[in-house]
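Just below is one structure, and these are the notes that go with it.
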Amino acid sequence: MLCALAACGNPRTDGGGAGDGSANNDEGRPKENARPAITLRPSNKSGDRFRTTRTLRVEELTESERYLTESEEVTLTEVLRVDDGGRLMAVRRSWESSTTSLTNGYGSPEVARGELDGCTLELTQRANGVEARLISGDANIRGANFLVEGFDTGLLPLDPVREGDYWQLEGSRLSGLNRFIEAMQFKIDKNKLTCQLKDVTPETATMSLDWRISGELGGLAAVLEFSGELLFDRKPGMIREFSLKGGRQADGGPKQQIEIAIHRRAVKGWLDLDR
């Protein structure tokens with residue numbers, strides 16, 4: 001898997017030119033209606049709580065068979081500690097629900113609960129990774145890789161951006177998102193995700209996502225392509241919605257459609273339920 005870290009420093013504009021993204025005319029004078037640059041970074045504080053629902057749907061079609069995998073994970077996170085910039089450093093996370101259903105053909109699915117279903121973990125960011133401690137429940141977490149922040153947080157730009165700017169991510173910047181693909185036994189060779197800030201309001205910022213992956217699946221060369229959207233809620237400083245849809249190109253292998261979605265919202269307490 002490609003491990004190079006792509007720079008995400010200077011976002012590019014619609015015209016494709018690199019630079020600081022400033023809106024100047026040909027004479028170097030600022031435009032009257034220059035778009036203001038905004039910062040899209042998480043802004044957490046100790047004591048915050050948020051609930052995250054993450055879903056994954058994978059449908060694979062061959063000439064004679066259909067396989068459908070659907071999983072849903074609902075977690076409640078309490079922020080224990082943040083750094084000076086508001087990034088999460090320690091959280092307590094409860095897996096309220098973790099299920100996976102497998103359907104062969106078009107019959108009834110087989111449903112199984114994930115190992116973390118009903119468990120609570122304390123996660124602490126360390127220099128060499130995340131330290132996990134089981135607080136309640138029964139799960140073997142030895143060797144498991146956890147994220148204190150969601151993988152979607154890594155898609156946000158490091159520098160201020162203006163409406164229309166775009167930036168590209170590769171390699172280790174996408175490690176959390178790559179896990180979904182690698183779990184399907186897809187061996188990633190190259191991948192690149194292009195993000196563009198499409199719309200900004202006082203409340204939200206919307207980004208478009210285009211992701212292309214090349215590699216190997218089942219011993220054959222394969223390409224996956226996805227498109228989607230990310231909605232950043234500017235007031236609480238939180239990614240509220242994330243979606244990606246796509247799959248395998250017609251390269252002679254089985255057709256594969258993949259959907260990944262995340263919904264996140266701040267909650268007032270443990271009993272502030274979604275359903």
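Data overview
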read-out	value
Filtered residues of segment 51-64 (kept if over 16 Å from the mean Cα position of the chain (by Cα) and more than 13 Å from L102 (Cβ to Cβ))	L61, T62, E63, S64
Members of segment 214-238 that are under 20 Å from G150 (Cβ atoms) and of a type in the set (A, V, I, L, M, F, W, C)	F226, L230, L231, F232, M238
S214 being in a strand (DSSP E or B) and over 17 Å from the mean Cα position of the chain (by Cα)	yes
Strands (runs of 3 or more DSSP E) contained entirely in segment 119-189, each with at least 3 residues that are modelled with pLDDT under 90 and in contact with a helix residue (DSSP H, G or I) (Cβ under 7 Å, 6 or more places away or on another chain)	none
Out of D138, D159, sole residue that is under 21 Å from the mean Cα position of the chain (by Cα) and among the charged types (D, E, K, R)	D159
In segment 211-242, the residues that are among the polar types (S, T, N, Q) and modelled with pLDDT of 95 or more	S227
Flag if S208 is modelled with pLDDT under 95 and either not in a strand (DSSP E or B) or not aliphatic (A, V, I, L, M) (or both)	no
Within segment 102-129, tally of residues that are surrounded by 16 or more Cβ atoms within 10 Å (Cβ to Cβ) and in contact with a Ser or Thr (Cβ under 7 Å, 6 or more places away or on another chain)	5
Contacts under 6 angstrom Cβ, first residue in segment 108-122 being under 11 Å from T75 (Cβ atoms), partner hydrophobic (A, V, I, L, M, F, W, C), 6 or more apart	L116/W95; L116/A139; D117/W95; C119/W95; C119/A139; T120/I135; L121/A132; L121/L134
Of residues in segment 60-76 being among the hydroxyl-bearing types (S, T, Y) and in contact (Cβ under 8 Å) with a residue 24 or more places away in the chain, the one nearest to S243 (Cα to Cα)	S71
Filter pass, L197 being surrounded by 20 or more Cβ atoms within 10 Å (Cβ to Cβ), under 15 Å from the mean Cα position of the chain (by Cα) and under 25 Å from L88 (Cα atoms)	no
Number of positions in segment 208-233 that are of a type outside the set (D, E), over 28 Å from Q185 (Cβ atoms) and without any contact (Cβ under 8 Å) to a residue 60 or more places away in the chain	2
The lone exception for I188 - which of (1) farther than 27 Å from L121 by Cβ; (2) buried (at least 19 other Cβ atoms within 10 Å of the Cβ); (3) not small (G, A, S) it fails	(2)
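The values are calculated or read from the model by the stated rules, or taken from the named source; none is laboratory data. Treat the numbers as computed from the prediction; the structure is a model and nothing was measured. Reconstructed Cβ throughout: ideal geometry from the backbone, glycine too, with neighbour counts over all protein chains shown.
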